[in-house]
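All remarks here apply to the structure that follows.
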């Protein structure tokens, strides 16, 4: 099935440049919307859903910075991706100003068609995926509302049968009672005793004992009901909690109806109690699930957006491959966590998933106990392992058939220590600077997880050690003999 097209707004006061942008972006297959001024762009935004805005910095009347500020002030467009195009040399201050206004990137003139298409494509896809997640979230909310409506309809049906004592007993979670308003005598059926967790043999039904079983915060409901009947009310319904003698708290809904004498005086009150604890718990689980889905969707989008923004490459193809690789790694660990209902992921499973794209035979040796990782730890460690495997396959031991890789790990006092040892590959030289891969690996392991990522650039192969706390408590590893300098593309040279 063809994917839905998204709208891309092109803003420039020069028709020739707008035409050039149309030609460059035509192959993307998206809807291109034209605006020749900032004011025209604002009119388009108010009428059309826009995925990405490509705007010229230098325009008469309303320049790109001013337009961006006005767009960001509107709640609908606070997260809309904006890319600035500038024909003049942009200073660092101007760049910072642009980013503060909400720009996600700059494109200098002359525009490189491939670069512009790649950038627009990434943000168009991100917008499309975001909308898909929002649609799924709305569907979930609709299902929750439908389920709630079903529960309310079910409750209504139960109310219709509350006055039938035989059906209350058969239902098991319903009970009926009768209160002589004049003498103060109570009568409970078997279902009522069952709901309150007491038995006729050891429980005397009287106002004091009944009140003692009510939740302290709901005692006023009983007093309010008595007051309402004294005022002439003939029927009353409320939800309340009871505290059974064993300490368990149960949710109930109670319906009561008054019987009066010829003078209108209340002489008897009868009612039905329904145990709705499971319904309450189901509603809580549904609400929790809706919040959890929203939270995870936002986290996944934030990680994907960080990968897109921070990835660097000299060529468009390399940039796309790097982004796809990192997002695929994130998707694989997301699948593992989903299968465990987001309870966690096994370290060996993460490693197996990263090994899957390679046919390496006996080149890799794994050793270590079963280790269950928290979801946040699993996501971060999966991305770190992806960087190590990718660079080893390009430049290290896994780039040749003679290369070998040994991965072993152990756990000591809630601290996971993972050793990555390469040998038999190209000769290694200590890199002169850190690239994005190493910087992101160090940042994720050290800043996010409170661990350490350490490198030893031996000539016979890279030796890397990752120390990661297995709990949320930050752990500080002791310094070792490793050198923490590194490079994203592990730069090696043959001797």
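Read-outs throughout are calculated quantities, based only on the coordinates presented, and are distinct from any laboratory measurement. All figures in this text were calculated on a predicted structure; none of them were measured in a lab. Positions of Cβ are generated from backbone atoms using ideal geometry, with glycine treated the same way; all protein chains shown enter the neighbour counts.
Taking the Cα atoms of segment 344-469, what is the range of coordinates along each of the three principal axes, in descending order and whole Å?
In descending order, the Cα extents are 35, 33, 24 Å.
Taking R0 as 30 Å, what's the FRET efficiency between residue 212 and residue 343 from their Cβ-Cβ distance, rounded to 0.05?
The calculated FRET efficiency here is 0.15.
Given points 7 Å out from each Cα along the Cα-Cβ axis, report the residue 155 to residue 76 separation in nanometres with one decimal.
Calculated label separation equals 3.7 nm.
Could you work out the per residue convex hull volume over the alpha carbons of segment 161-275, in cubic angstrom?
Dividing the Cα hull volume of segment 161-275 by its residues yields 99 Å³.
Would you mind getting me the FRET efficiency between residue 223 and residue 448? Use the beta-carbon distance for r and R0 = 51 Å, nearest 0.05.
Between residue 223 and residue 448 the formula returns 0.45.
Suppose R0 equals 35 Å. What FRET efficiency, 1/(1 + (r/R0)^6) with r the Cβ-Cβ distance, do residue 248 and residue 147 give to the nearest 0.05?
Using R0 = 35 Å, I get an efficiency of 0.90.
Could you state the number of Å between the C-alpha centres of segment 180-202 and segment 49-81?
When both Cα centres are located, 69 Å separates them.
Starting from 0.36 nm per residue, how many nanometres of slack lie between residue 201 and residue 237 once their C-alpha separation is accounted for?
Working: separation 36, 0.36 × 36 = 12.96 nm, distance 2.89 nm.
Going from the current span to full extension adds 10.1 nm.
Spin-label point model (7 Å from Cα, Cβ direction): what's the residue 430 to residue 284 distance in nm?
5.8 nm
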